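For reference, the structure discussed in these notes is given below.
The values are calculated or read from the model by the stated rules, or taken from the named source; none is laboratory data. Note that the structure is a prediction, hence the values are computed from the model and not measured. Note that each Cβ is placed from the backbone with ideal geometry, even for glycine, and that neighbours are counted across all protein chains shown.
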Amino acid sequence: MDRKKNIYHQLLNSTTQHLEDLKSRGIAYLPISTHSLKNLSRTPSGSQSQPAFSLSEKSSRGHTPASEKNATSPVVAAPAIRPRHAPDFPAKQPEQNQTADLPEKTRDEKIAALRVKALSCRKCPNLVRARKNVVFGVGDIHADLMFIGEAPGADEDRMGEPFVGKAGQILTKIIGAMGFSRQTVYIANVLKCRPDTPDKPYGNRKPTQEEMHTCLPYLNAQIDLIQPKVVVALGATALQGLLGTTSGISRLRGKFQDFKSISLMPTFHPSYVLRAESNPTEAAVIKRQVWEDMLQVMEHLNCPISAKQRGYFLPKNN
Ligand code: URA
């Protein structure tokens, strides 16, 4: 019995560490089966032959078992990222000012409910058939700054998190250079499922108009709940999804647009930066353009900007 309890505590510690690791990478929610949810509510006992939380359960960064994929009750809040300005989930009720908390709780709850809805969405049968995960969004739901891309790629589909592949690494660097992190901004896509490519097992395709039209209510609801001060639209497709414009990204980038009374900054998609890297001169120009757009965003948000930051990607004077 002691040995069983020991194992239980080892598993509990590993699970806690795993959740902390996910949290540090900006993952605030985990898909979880109804069965595991029931087990989680049990207290450990010497007679239990299974730990309360099976470690074979995969997080949103791993593969979800097929039987659980897209289940309708798949979400619990992990011991999660806390909003910058909100305390950790209180273990007991705060003694004073209990109502002051309410709006924040409501936002958490509404986002959680929206996530449940998106994760069980089956409106695009072709995408449902092909997807491994619905990629809802990641980061701080109280963020002032939101980045919006086109659609998940293969890596994002596998991990259940936006912008974790090569383009995502560029985006993460941009966010870091601005003085933010993936945990202090919010990142999402116009499309929550990876566009399928039935005729080939690799590659990406642009979302269709119909897919965007079908999925946009989720993103609009996310934006309405998060209420960022600035939205950065990454690339032409994100811009088209948000503004309904087919004006080219080259023409609109760097110019704030009005979107639901939020300032929207169009800029190039990180994969465009990536593609340009074979030509260092061209890549330097594109990086500087993106960076100038981000400097405008930082100014708009009253972020402190150092001389070093202002000079990123400028040609070196000899
Ligand atoms: N490209 C996107 O537009 N979104 C992602 O999440 C990843 C790559």
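Table: residues versus (1) within 16 Å of the ligand (Cβ to nearest atom); (2) surrounded by 14 or more Cβ atoms within 10 Å (Cβ to Cβ).
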{"residue": "MET178", "(1), (2)": "no, yes"}
{"residue": "LEU191", "(1), (2)": "yes, yes"}
{"residue": "ASP196", "(1), (2)": "yes, yes"}
{"residue": "LEU225", "(1), (2)": "no, yes"}
{"residue": "ALA238", "(1), (2)": "yes, yes"}
{"residue": "SER247", "(1), (2)": "no, no"}
{"residue": "GLN257", "(1), (2)": "no, yes"}
{"residue": "VAL273", "(1), (2)": "yes, yes"}
{"residue": "ASN279", "(1), (2)": "no, no"}
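In this structure, does GLY139 turn out to be more than 10 Å from the ligand (Cβ to nearest atom) and farther than 21 Å from GLU299 by Cα? Spelling it out, GLY139 is indeed more than 10 Å from the ligand (Cβ to nearest atom) and farther than 21 Å from GLU299 by Cα.
Considering (1) of a type in the set (D, E, K, R); (2) farther than 25 Å from LYS110 by Cβ; (3) without any contact (Cβ under 8 Å) to a residue 60 or more places away in the chain, the lone condition that ARG158 does not fulfil carries the number (3).
This table checks each residue for (1) β-branched (Val, Ile, Thr); (2) modelled with pLDDT under 95.
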| site | (1), (2) |
| --- | --- |
| VAL185 | yes, no |
| ASN189 | no, no |
| ASP196 | no, no |
| ASN204 | no, yes |
| GLU210 | no, no |
| ILE226 | yes, no |
| VAL232 | yes, no |
| THR237 | yes, no |
| GLN240 | no, no |
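Restricting the search to the range 231-249, which residues are more than 16 Å from the chain's Cα centre (by Cα) and in contact (Cβ under 8 Å) with a residue 12 or more places away in the chain? GLY235, ALA236, THR237, LEU239, GLN240, GLY241, LEU242, LEU243, GLY248, ILE249 - these are the residues of the range 231-249 that are more than 16 Å from the chain's Cα centre (by Cα) and in contact (Cβ under 8 Å) with a residue 12 or more places away in the chain.
Filter the range 115-144 for residues that are of a type in the set (A, V, I, L, M), closer than 13 Å to GLU161 by Cα and not in a loop (DSSP other than H, G, I, E, B) and give the result. Spell out how you get there, then give the answer.
Keep residues of the range 115-144 that are of a type in the set (A, V, I, L, M), which gives 116, 118-119, 127-128, 130, 134-135, 138, 141, 143.
After this cut, where a residue has to be closer than 13 Å to GLU161 by Cα as well, the list is 119, 134-135, 138.
Correct list: LEU119, VAL138.
State whether one or more residues within the range 259-270 are under 20 Å from the mean Cα position of the chain (by Cα), part of a loop (DSSP other than H, G, I, E, B) and under 24 Å from ALA151 (Cα atoms). Scanning the range 259-270 turns up at least one residue that is under 20 Å from the mean Cα position of the chain (by Cα), part of a loop (DSSP other than H, G, I, E, B) and under 24 Å from ALA151 (Cα atoms).
Across the range 193-238, what is the total count of residues that are in a helix (DSSP H, G or I), in contact with a strand residue (DSSP E or B) (Cβ under 9 Å, 6 or more places away or on another chain), aliphatic (A, V, I, L, M) and under 17 Å from PHE136 (Cα atoms)?
Start the filter on the range 193-238 by keeping residues that are in a helix (DSSP H, G or I), which leaves 209-226, 235-238.
Applying the additional criterion that residues be in contact with a strand residue (DSSP E or B) (Cβ under 9 Å, 6 or more places away or on another chain) yields 215, 218-219, 222-223, 226, 235-238.
Subset that is aliphatic (A, V, I, L, M): 219, 223, 226, 236, 238.
Right, trim to under 17 Å from PHE136 (Cα atoms) and you get 219, 223, 226, 238.
Counting residues in the range 193-238 that are in a helix (DSSP H, G or I), in contact with a strand residue (DSSP E or B) (Cβ under 9 Å, 6 or more places away or on another chain), aliphatic (A, V, I, L, M) and under 17 Å from PHE136 (Cα atoms) gives 4.
Of the residues that sit in the range 142-167 and are aliphatic (A, V, I, L, M) and more than 20 Å from LEU243 (Cα to Cα), which one is nearest to the ligand (Cβ to nearest atom)?
Just the residues of the range 142-167 that are aliphatic (A, V, I, L, M), to begin with: 143, 145-146, 148, 151, 154, 159, 164, 167.
Remaining after also requiring more than 20 Å from LEU243 (Cα to Cα): 143, 154, 159, 164, 167.
Values: ALA143: 17, ALA154: 9, MET159: 10, VAL164: 7, ALA167: 4 Å.
It comes out as ALA167.
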